[in-house]
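Below is one structure; the comments refer to it alone.
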Protein chains: 2
Amino acid sequence: MIKPSIPRGMRDFSPEVTVKRNFIFRSIRETFEKFGFLPLETPSMENLSVLTGKYGDEGDKLLFKVLNSGDFLLKVEEKEQLLSDSNLLSSKISEKGLRYDLTVPFARYVVMNRNEIAFPFKRYQIQPVWRADRPQKGRYREFYQCDADVIGTASLICEAEIALMVHEAFSKLGLRDYVLKFNSRKILEGIAEVAGESERSETFFVALDKLDKIGLDGVKQELYKRDFSDDFIQNLVEIISFTGSNKAKIEFLKKTLKNSPVGTIGIEEVEKVLLYINSFVGEMSEIEFDFNLARGLSYYTGIIFEARATNVKIGSIGGGGRYDNLTGVFGMPDVSGVGFSFGIDRIYDVMDELQLFESQEVSTTKILITNFEENAEKFALRMLSKIRAAGINAEIYPDTVKLKKQLNYANKKNIPYVLIIGPDELKKAVCTLKIMVTGDQAELSIEELIKKLVAEKK
Amino acid sequence: MIKPSIPRGMRDFSPEVTVKRNFIFRSIRETFEKFGFLPLETPSMENLSVLTGKYGDEGDKLLFKVLNSGDFLLKVEEKEQLLSDSNLLSSKISEKGLRYDLTVPFARYVVMNRNEIAFPFKRYQIQPVWRADRPQKGRYREFYQCDADVIGTASLICEAEIALMVHEAFSKLGLRDYVLKFNSRKILEGIAEVAGESERSETFFVALDKLDKIGLDGVKQELYKRDFSDDFIQNLVEIISFTGSNKAKIEFLKKTLKNSPVGTIGIEEVEKVLLYINSFVGEMSEIEFDFNLARGLSYYTGIIFEARATNVKIGSIGGGGRYDNLTGVFGMPDVSGVGFSFGIDRIYDVMDELQLFESQEVSTTKILITNFEENAEKFALRMLSKIRAAGINAEIYPDTVKLKKQLNYANKKNIPYVLIIGPDELKKAVCTLKIMVTGDQAELSIEELIKKLVAEKK
């Protein structure tokens with residue numbers, strides 16, 4: 001007998017959890033569609049030639065590789081050398097890997113279908129990805145990404161729309177306490193330039209990205225270690241220590257970066273995005289221009305975003321930015337795009353901690369009908385059909401067991417109402433409605449019941 | 001430069017197709033929930049110890065295996081022998097495989113969580129599965145399954161509910177011309193018994209299952225080949241050639257199988273299911289008792305189902321049945337359950353061929369707002385916010401390009417309305433609404449427009 005288990009770092013999602021996760025997925029999906037993004041799905045497996053080299057050496061190591069099928073050794077030559085080198089062996093017996101993110105498959109899709117696509121192409125994609133990372137709290141080997149990107153336009157309206165879209169999604173979820181930080185990579189380049197180091201801006205971004213985690217002193221240490229000069233670090237600290245409103249920061253940077261052409265363009269971008277948001281909806285209190293925001297991903301070139309819950313310590317719950325050359329690696333250069341990705345696992349944790357899931361989001365069945373002897377059962381089935389015909393999710397307990405057991409079942413499934421149809425009810429042609437949370441009971445006709453349930457649905 | 005490609009037998013789903021597929025998924029999901037099924041998700045990868053041996057030798061060969069990560073050769077001993085045998089090698093360097101169906105992971109989940117689950121457990125699961133089959137028309141290496149099962153009860157109410165559920169799902173999809181055939185495995189056993197072969201009923205089921213494809217003569221040939229006697233085959237043909245209404249078939253079988261205890265129980269099951277359906281909704285014209293229906297899967301033990309579209313030649317678009325020992329292989333015997341699985345790819349093909357997708361199911365954006373010079377743009381953004389606030393999916397063309405290009409974009413995306421906001425409209429504080437399918441245009445205020453769009457949504 002096999003004692004069943006699941007692979008390390010992978011998860012079963014119980015119905016209780018899946019119902020809540022589906023509420024999040026549905027809210028995000030509806031938001032994406034409200035903003036004109038169309039759904040795309042790509043296969044779970046990609047050719048390794050597509051995946052390899054796109055995520056750095058570390059990423060390559062984290063790819064899950066799929067064994068070629070059939071008698072895969074038949075086609076392999078010079079086998080002897082293979083046994084000392086896992087990489088060499090896997091290159092001979094594995095051609096496909098599991099998707100590592102949704103960005104590279106998206107770029108591949110765009111390049112392969114460039115002649116059919118209506119640009120600017122607004123697509124969203126909600127699918128799992130796999131990484132052979134060491135599992136730990138909050139880090140899984142299979143997890144969903146929820147991405148929306150628009151590609152084929154440099155318009156900063158798209159950035160402003162991302163801010164609105166984040167607001168809409170979080171509103172749907174009831175998640176009101178969040179901040180959407182944004183910055184421009186160009187401002188960071190400008191800061192590096194005026195502080196005296198325009199050549200090594202990437203290294204500087206990576207260090208600055210850790211500001212939240214390791215603090216200003218930590219960032220300084222990191223920069224010392226990487227041989228940045230005392231002068232540079234001192235200039236830098238002066239700049240990044242500035243605090244103030246979005247407006248005050250912009251004024252400060254206009255002076256500070258006035259000799260940096262790239263920095264100046266970055267400030268213009270930030271101003272334009274805020275202006276667009278203002279045209280859309282007026283002031284938006286959740287958006288914060290934070291010129292210390294770096295975001296590690298190397299392909300960002302313009303505006304970058306990061307969303308955080310303000311009263312749960314959990315890090316970023318979403319992020320994104322503009323890139324100028326996502327498809328270049330597949331032979332289609334100079335296509336600008338901007339995207340945002342929601343962190344579904346962390347959003348779930350935030351909502352759970354803040355108890356934001358409302359009762360209608362934790363159960364799907366609205367009413368359970370009890371099951372007694374044959375005649376009552378027959379009546380119950382007819383009632384069940386009527387309730388469902390009114391658009392209400394309903395079920396009958398399939399066996400004629402003790403009432404207590406049937407009520408327990410409703411409780412465990414979070415079903416709010418139980419309709420008791422026994423011999424007494426049958427005689428009077430009524431039903432007894434039990435409200436599970438209070439234990440209250442009331443006799444009513446089927447018409448009254450349906451009216452009540454339909455009214456609650458709205 | 002890599003020329004990008006996707007693996008053989010795998011598919012990208014373009015937005016146009018995904019929107020339609022999502023409509024099918026949503027309809028099936030809502031139906032499952034209406035009938036009290038709760039969503040479950042299991043990981044894409046399972047330990048090979050869980051998967052192997054569950055699908056027969058053929059199935060084992062079709063499992064996609066995932067290479068162990070890291071330097072997987074380190075732990076392998078006696079490597080020399082491995083190079084001549086793909087199976088042996090893969091057993092040493094691969095511990096996980098991709099899900100082959102949703103049934104085995106479901107059984108595994110039930111056994112692992114038996115103490116937390118509220119039985120009878122009604123779960124649905126909509127996830128992709130993978131099979132390393134030779135790709136051909138209509139057969140893919142990655143495809144979705146949409147399963148609903150109730151486990152932990154022998155009540156035939158569940159079978160009756162499956163018939164209703166299939167009806168509800170297909171109604172939502174607009175698929176009216178279908179037949180839901182059903183039978184009991186026990187009746188097939190009874191037929192084998194009275195025809196003179198009760199020992200080899202499994203082999204007989206497999207042959208009979210091909211009746212639709214190869215005809216009565218084909219089945220006879222198949223049985224001759226497998227050494228069934230002339231007598232048996234003659235008896236059999238007499239029985240399975242009978243035609244008539246559900247009622248007539250039952251009367252015929254009652255006589256024919258009166259000496260087979262198992263066959264008699266089978267007939268009682270069929271009658272009970274029809275009785276329950278009658279209690280639910282009265283006569284149901286789509287359900288057909290077909291005692292020649294076999295369905296190949298070996299784990300079915302009671303009622304079996306198969307749904308077919310009646311005016312598209314495509315085979316089964318869904319099927320299922322009752323099993324008595326799904327979880328036995330994982331150490332939890334004697335748990336009865338019944339399930340049904342919708343064939344989403346074939347349902348899509350049927351709906352496409354019959355042109356059942358309606359306009360609201362092929363586009364998600366309702367209205368595109370055009371983009372002209374700066375002042376008009378500012379006004380347009382405000383209008384866009386108002387339209388979205390009314391719950392309408394809307395977008396703005398992000399760049400100020402020629403109107404023709406913007407209209408082309410709307411056409412390609414199947415967006416039904418375009419709102420033209422140019423300098424003229426700005427002056428008069430109105431919008432020009434263009435109906436894409438007719439080309440008609442009308443001037444209206446933003447309030448009139450929103451009223452119109454909201455009314456159409458209902």
Odd one out for B:Phe182 among (1) more than 26 Å from B:Ser285 (Cβ to Cβ); (2) surrounded by 19 or more Cβ atoms within 10 Å (Cβ to Cβ); (3) not aliphatic (A, V, I, L, M): (1)
In region A:80-101, the residues that are open to solvent by less than 40 Å² (accessible area, probe 1.4 Å), more than 7 Å from chain B (Cβ to nearest Cβ) and either assigned to a strand (DSSP E or B) or touching a strand residue (DSSP E or B) at 6+ places or on another chain (Cβ under 9 Å) (or both): A:Ile93, A:Gly97, A:Leu98, A:Arg99, A:Tyr100, A:Asp101
Selection from region B:231-275 of residues that are in a loop (DSSP other than H, G, I, E, B), free of Cβ contacts under 8 Å to residues at least 24 places away in the same chain and among the small types (Gly, Ala, Ser): B:Gly244, B:Ser245
Region B:374-389, residues that are buried (at least 19 other Cβ atoms within 10 Å of the Cβ) and either under 30 Å from B:Gly319 (Cα atoms) or among the acidic types (Asp, Glu) (or both): B:Glu377
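Can you list the helices (runs of 4 or more DSSP H) lying wholly within region A:102-205 that have 1 or more residues being within 14 Å of chain B (Cβ to nearest Cβ) and in contact with a Phe, Trp or Tyr (Cβ under 6 Å, 6 or more places away or on another chain)?
Correct list: A:103-112, A:157-173.
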Every residue from region A:16-27 that is within 7 Å of another protein chain (Cβ to nearest Cβ) and either assigned to a loop (DSSP other than H, G, I, E, B) or in contact (Cβ under 8 Å) with a residue 12 or more places away in the chain (or both): A:Val19
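For region A:322-335, which positions are away from chain B (no Cβ under 11 Å) and touching a strand residue (DSSP E or B) at 6+ places or on another chain (Cβ under 9 Å)? Break it down stepwise before answering.
Taking region A:322-335 as the starting set, the residues that turn out to be away from chain B (no Cβ under 11 Å) are A:322-326, A:334-335.
Selection gives A:Arg322, A:Tyr323, A:Asp324, A:Asn325, A:Leu326, A:Val335.
Being of a type outside the set (Phe, Trp, Tyr), in a loop (DSSP other than H, G, I, E, B) and open to solvent by 10 Å² or more (accessible area, probe 1.4 Å) narrows it down to one of B:Gly9, B:Gly36, so name that one.
Working: B:Gly36 fails: open to solvent by 10 Å² or more (accessible area, probe 1.4 Å).
Exactly one residue qualifies, and that residue is B:Gly9.
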Residue match in region A:68-76 (condition: buried (at least 16 other Cβ atoms within 10 Å of the Cβ) and part of a helix (DSSP H, G or I)): no
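Is it true that some residue in region B:365-373 is basic (Lys, Arg), touching a helix residue (DSSP H, G or I) at 6+ places or on another chain (Cβ under 7 Å), open to solvent by 70 Å² or more (accessible area, probe 1.4 Å) and closer than 21 Å to A:Phe280 by Cβ?
Residues of region B:365-373 basic (Lys, Arg): B:366.
Imposing the further condition that a residue be touching a helix residue (DSSP H, G or I) at 6+ places or on another chain (Cβ under 7 Å) reduces the set to B:366.
Checking which are open to solvent by 70 Å² or more (accessible area, probe 1.4 Å) leaves us with none.
So far as region B:365-373 goes, no, none of its residues is basic (Lys, Arg), touching a helix residue (DSSP H, G or I) at 6+ places or on another chain (Cβ under 7 Å), open to solvent by 70 Å² or more (accessible area, probe 1.4 Å) and closer than 21 Å to A:Phe280 by Cβ.
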Pairs with Cβ under 6 Å, 6+ apart, first in region B:356-372 and more than 12 Å from every other protein chain (Cβ to nearest Cβ), second of a type in the set (Gly, Ala, Ser) and open to solvent by less than 40 Å² (accessible area, probe 1.4 Å): B:Leu356/B:Gly174; B:Phe372/B:Gly422
The lone exception for B:Asn311 - which of (1) open to solvent by 40 Å² or more (accessible area, probe 1.4 Å); (2) modelled with pLDDT under 95; (3) in contact with a strand residue (DSSP E or B) (Cβ under 7 Å, 6 or more places away or on another chain); (4) at negative phi it fails: (3)
A:Ile240 being farther than 25 Å from A:Leu274 by Cβ and surrounded by 15 or more Cβ atoms within 10 Å (Cβ to Cβ): no
Residue within region A:347-357 that is within 30 Å of B:Glu33 (Cα to Cα) and of a type in the set (Val, Ile, Thr) present: yes
Only one of B:Gly318, B:Gly328 that is buried (at least 19 other Cβ atoms within 10 Å of the Cβ) and among the small types (Gly, Ala, Ser): B:Gly318
Cβ-Cβ under 6 Å pairs, at least 6 apart or on other chains, region A:215-226 side more than 12 Å from A:Ser241 (Cβ to Cβ), far side open to solvent by less than 70 Å² (accessible area, probe 1.4 Å): A:Glu222/A:Ala207; A:Leu223/A:Ala207; A:Leu223/A:Ile233; A:Arg226/A:Thr203
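Any residue that is part of a loop (DSSP other than H, G, I, E, B), within 30 Å of B:Ser201 (Cα to Cα) and in contact with a helix residue (DSSP H, G or I) (Cβ under 7 Å, 6 or more places away or on another chain) - is there at least one of those in region B:319-326?
Within region B:319-326, the first condition is being part of a loop (DSSP other than H, G, I, E, B), and the residues that meet it are B:324-326.
This time we only want the ones that are within 30 Å of B:Ser201 (Cα to Cα), so: B:324-326.
Then drop every residue that is not in contact with a helix residue (DSSP H, G or I) (Cβ under 7 Å, 6 or more places away or on another chain), which leaves B:326.
Yes, that holds for at least one residue.
Which is surrounded by fewer than 23 Cβ atoms within 10 Å (Cβ to Cβ), at pLDDT below 95 and either touching a Lys or Arg at 6+ places or on another chain (Cβ under 9 Å) or of a type outside the set (Ser, Thr, Tyr) (or both), of A:Gly152, A:Gly138?
Of the residues listed, the single one that is surrounded by fewer than 23 Cβ atoms within 10 Å (Cβ to Cβ), at pLDDT below 95 and either touching a Lys or Arg at 6+ places or on another chain (Cβ under 9 Å) or of a type outside the set (Ser, Thr, Tyr) (or both) is A:Gly138.
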Considering residues of region A:332-345 that are open to solvent by 30 Å² or more (accessible area, probe 1.4 Å) and more than 8 Å from the chain's Cα centre (by Cα) only, the residue nearest to A:Leu164 (Cα to Cα): A:Asp334
Scan of region B:28-70 for residues that are within 7 Å of chain A (Cβ to nearest Cβ) and over 29 Å from B:Val166 (Cβ atoms), ordered by number: B:Met45, B:Asn47, B:Ser49, B:Val50, B:Phe64, B:Lys65, B:Val66, B:Leu67, B:Ser69
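The values are calculated or read from the model by the stated rules, or taken from the named source; none is laboratory data. Since the structure is predicted, the reported quantities are computational estimates derived from the model, not experimental observations. Glycine also receives a Cβ, built like all others from the backbone with ideal geometry; neighbour counts cover every protein chain displayed. What goes into the accessible areas is simple: the full protein's heavy atoms, side chains included, and nothing from ligands, DNA or RNA. Shrake-Rupley method; radii C 1.70, N 1.55, O 1.52, S 1.80 Å.
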